[in-house]
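Please read the structure below before turning to the comments.
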Amino acid sequence: MTGAMPRRVLISGASIAGPATAYWLNRYGFEVTVVERSAVVRHGGYQIDIRGTAIDVVKRMGIYPELSAARVKARTITFVDKSGKKVASLNTDDYVSQVNPDDIEMARGDLTSVLYAHTKDDVEYVFNDSIESLDMRADGVEVTFTRGAPRTFDVVIGADGIHSNTRRLVFGPEEQFSLHLGYAVAIFELPSNPAYDLPPTVYNVPGRVAGFGTQVPGGPAQAFLAFAQQDHGSVREADFEGQCAMIARAYADDGWKIPEILKGLPSTEDLYFDNVGQIRMDEWTRGRVALVGDSCFAPAFLSGQGTSMALIGSYVLATELASERDHKTAFAEYERQCRDFMVKSQNLALHSRSTILPRTKKALRKRNRTLRLLPILKRLGLGGILGRATREASNAFILPELRSEPRQKVG
Ligand SMILES: Cc1cc2nc3c(=O)[nH]c(=O)nc-3n(C[C@H](O)[C@H](O)[C@H](O)COP(=O)(O)OP(=O)(O)OC[C@H]3O[C@@H](n4cnc5c(N)ncnc54)[C@H](O)[C@@H]3O)c2cc1C
């Protein structure tokens, strides 16, 4: 590496954007350290999608076959109303084939495991720690940690999620960048129990969803809840009991099997509970620090694009850093190339026509009608109507070529 090219990179966050960026930087010959607040890579979460251009990224990483093998099997999702009556159904294969047959839907934890497995031998992972302060100097960034000894890096990358610590330290409080969409989301797993042994079912009333089901009969059940929550402060401030109480209150009047599902909530070990919101920033980089993934362009699950965006952003950021230029030019190029695509993907979450969470009576009726008509539309060659917006957004980016041949690590 020559001149002002950075060499030692610190990444904060070991979920998706962090290990993906680490993968590329390591392949380009950088010395990479990843610091993660948790004791291990967190494997919780629901299904995520890798779509469109992000598929090209995982193919270039060489992990497509592995991810493909971990695909969630095709299944029929039953949609029910308040009384538990079936209103529509959807074969997931029908939907995926309308979006892009190469796309992958898989458990979030399987993706984080693959990314970690492909980086852990070449990248230094430091768990149970977090950046305490960043002091940007002309020739590097002095970093102090809550536990470890201070160290100096050429560049620091914040891949620490929607509530990014790196963003707070460099750009200031979250409020100025956060767009609350008026919902909260809870995702959790319930132990194997005959009472929870249901095929995938989605319960909707306008503005509220409860998805539930086992991947394999007799296996653990996953629950996915999203509901209107205007007071976004309380979601983050509540402790575990408070969060369970908040969720129970939101579904207190609901029917179907909701009361049984919620009985299992206090026994879950890894509750993911957060506001449904986005991060919108005018700049994603400052000095020697860059943000990537949810930390700077979180789109909210309603977009279905968060993971794909993180994978694409990681690839572009690392590829630009690997080019024969200084980090400033690389950062500017990363922002220039990615911004329109990220904003377009974020905008997917803003309309009320979501398949999973229709927000009005009218949108719910329309969703049910479309699902019921889908088999006929497919026969007429019009099946693409359901995934059209997602298909367009997920393919609306052309990856830059690898800047230079991947090479052996220097030093
Ligand atoms: C446990 C979990 C479950 C999730 N489940 C879903 C889901 O079911 N559906 C969905 O659409 N999205 C889910 N997400 C979000 C999803 O992973 C992201 O939207 C997207 O994939 C972009 O990933 P990211 O790496 O940018 O951010 P994230 O996946 O949010 O990862 C951020 C990482 O940074 C770490 N971190 C946070 N603060 C610090 C700190 N101070 N120092 C060091 N590390 C820190 C976190 O522990 C985490 O590992 C989940 C995220 C997590 C952490």
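Numbers below:
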| quantity | calculated |
| --- | --- |
| The chain: Rg to Rh, with Rh as the Kirkwood radius over Cα pairs | 0.97 |
| Using a Förster distance of 56 Å, the FRET efficiency for Lys366-Ala149 (Cβ separation, nearest 0.05) | 0.45 |
| Rounded to 5, the percent of DSSP beta bridges in the chain classed as antiparallel | 70 percent |
| Extended-chain gain in nm, criterion 0.36 nm per residue less alpha-carbon gap, Ala228 and Arg42 | 64.3 nm |
| Percent carbon-and-sulfur accessible area, the range 97-177, ignoring ligands, DNA and RNA, probe 1.4 Å | 45 percent |
| Distance from the range 290-351 to the range 52-114 (C-alpha centre basis), Å | 22 Å |
| Accessible surface, the range 157-208, averaged per residue in Å² (probe 1.4 Å) | 38 Å² |
| Reachable lysines from Lys366, criterion Cα separation under 26 angstrom, eight or more residues apart if same chain | Lys82, Lys85, Lys86, Lys257, Lys344, Lys378 |
| Theoretical FRET efficiency, 1/(1+(r/R0)^6), r = Cβ-Cβ of Tyr272 and Leu380, R0 25 Å, to 0.05 | 0.05 |
| Estimated FRET transfer efficiency (Val216, Thr76; beta-carbon r; R0 22 Å; 0.05) | 0.90 |
| Local electrostatic count, Val209, Cβ distance below 13 Å [Lys/Arg +1, Asp/Glu -1] | +2 |
| Potential lengthening between Lys86 and Asp129 on full extension [0.36 nm per residue; Cα-Cα distance subtracted] | 10.7 nm |
| Most to least packed among 298-309, 231-242, 392-403 [average Cβ atoms within 10 Å] | 298-309, 392-403, 231-242 |
| Tensor-based shape of the range 11-76 (alpha-carbon gyration tensor, a/c under 1.5 rounded, otherwise prolate or oblate) | oblate |
| Model label zone, Glu283; criterion: amide N under 15 Å from point 7 Å along Cα-to-beta-carbon; scope the range 319-356 | 327-336 |
| Packing-based ranking, highest mean first, of 367-377, 158-168, 220-230 given that Cβ atoms within 10 Å are counted | 158-168, 220-230, 367-377 |
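The values are calculated or read from the model by the stated rules, or taken from the named source; none is laboratory data. As the structure is a prediction and not an experimental result, all values here were calculated from the model. Neighbour counts run over all protein chains shown; Cβ positions are idealised from the backbone, glycine included. Calculation scope for accessible area: heavy atoms of the full protein, side chains included, ligands and nucleic acids excluded. Shrake-Rupley method; radii C 1.70, N 1.55, O 1.52, S 1.80 Å.
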